[in-house]
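The values are calculated or read from the model by the stated rules, or taken from the named source; none is laboratory data. In this text, all values refer to a predicted model and were calculated from it rather than measured experimentally. Here the Cβ is made from the backbone with ideal geometry for all residues, glycine too, and neighbour counts use every protein chain on show. Side chains are part of the model used for accessible areas, which takes the heavy atoms of the whole protein and leaves out ligands, DNA and RNA. Shrake-Rupley method; radii C 1.70, N 1.55, O 1.52, S 1.80 Å.
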Amino acid sequence: MHVRRVTIQSDRFPSREYYPFDLPVLQHTPRLEFDQPVTFFVGENGSGKSTLLKAIAEACGIYIWGGEQRARFDESPYEGWLHRYLEVEWSDGKVPGSFFAAESFRSFRQMLDDWATEDPELLDDFGSRSLMSQSHGQSHMAFFAHRYRLRGIYFLDEPENALSPRRQLELVAILRANAASGQAQFVVATHSPVVLSCPGAGVLSFDQVPLRSVRYQDTDHYRVYRELFRSL
């Protein structure tokens, strides 16, 4: 693992009333331990998993690719501050990486196409084919298959959004192969029981306060789908 531990300095939070500092899981979880090269964040909507995922990426010095910026009606004055109160412990020195979120990926692939008009070799790192010329799911898989071969730490926020179940299994294979190489570490927020099935991965539940490690079979994601299929 490139990152061994992340400490949440909740005693330094500037507020406990505004998002994200009002989230109980952030107020009462002192640290996260990363014992496996693939770690999943799971939890209900609004539990804080994507918020913390993004903040850890920022604390690691990773650029968060933004989409179109628009005005907000009720934006927290502290919304982008969480990374300031995280301490990252590296095991082998700082490494590069990336943050993937489906909501901003379209902006990224459009910009990549713009750059490629001047320097087509830029596409070599993504399968030598324009990501814009592929379907949403195909472009995601092209990015995953080529980017994650490189040494680094990678954060993925609900990568299953555009993927069929079969493609999700292909993503699991990509995570396993690149994690096994010792080159890559992955931290993934997901609602998919298919993605969660990655063998040997750690699972941190945001439905617990403080958050804690759970077995795959003890997640709501697994239980809900198990009961669904049993009822058919």
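A few points about this structure:
- Only a single criterion out of (1) crowded, with 19+ Cβ neighbours inside 10 Å; (2) out of contact with any helix residue (DSSP H, G or I) (no Cβ under 7 Å at 6 or more places or on another chain) is not satisfied by Tyr63, namely (1).
- For the range 179-206, a residue qualifies if it is open to solvent by 10 Å² or more (accessible area, probe 1.4 Å) and part of a helix (DSSP H, G or I), and the qualifying residues are Ala179, Ala180, Pro193, Val194.
- Any hit, the range 29-36, residues being farther than 19 Å from Asp207 by Cβ, at pLDDT 95 or above and among the polar types (S, T, N, Q): yes
- Filter result (of a type in the set (Phe, Trp, Tyr) and surrounded by fewer than 17 Cβ atoms within 10 Å (Cβ to Cβ)) within the range 1-60: Tyr18
- Yes/no for Val209 being at negative phi, outside any strand (DSSP E or B) and in contact (Cβ under 8 Å) with a residue 40 or more places away in the chain: yes
- In the set (1) modelled with pLDDT of 70 or more; (2) open to solvent by 60 Å² or more (accessible area, probe 1.4 Å); (3) closer than 30 Å to Pro14 by Cβ, Asp114 fails one condition alone, (3).
- Residues satisfying the stated conditions in the range 135-178, i.e. among the polar types (S, T, N, Q) and buried (at least 16 other Cβ atoms within 10 Å of the Cβ): Gln138, Ser139, Asn161, Gln168, Asn178
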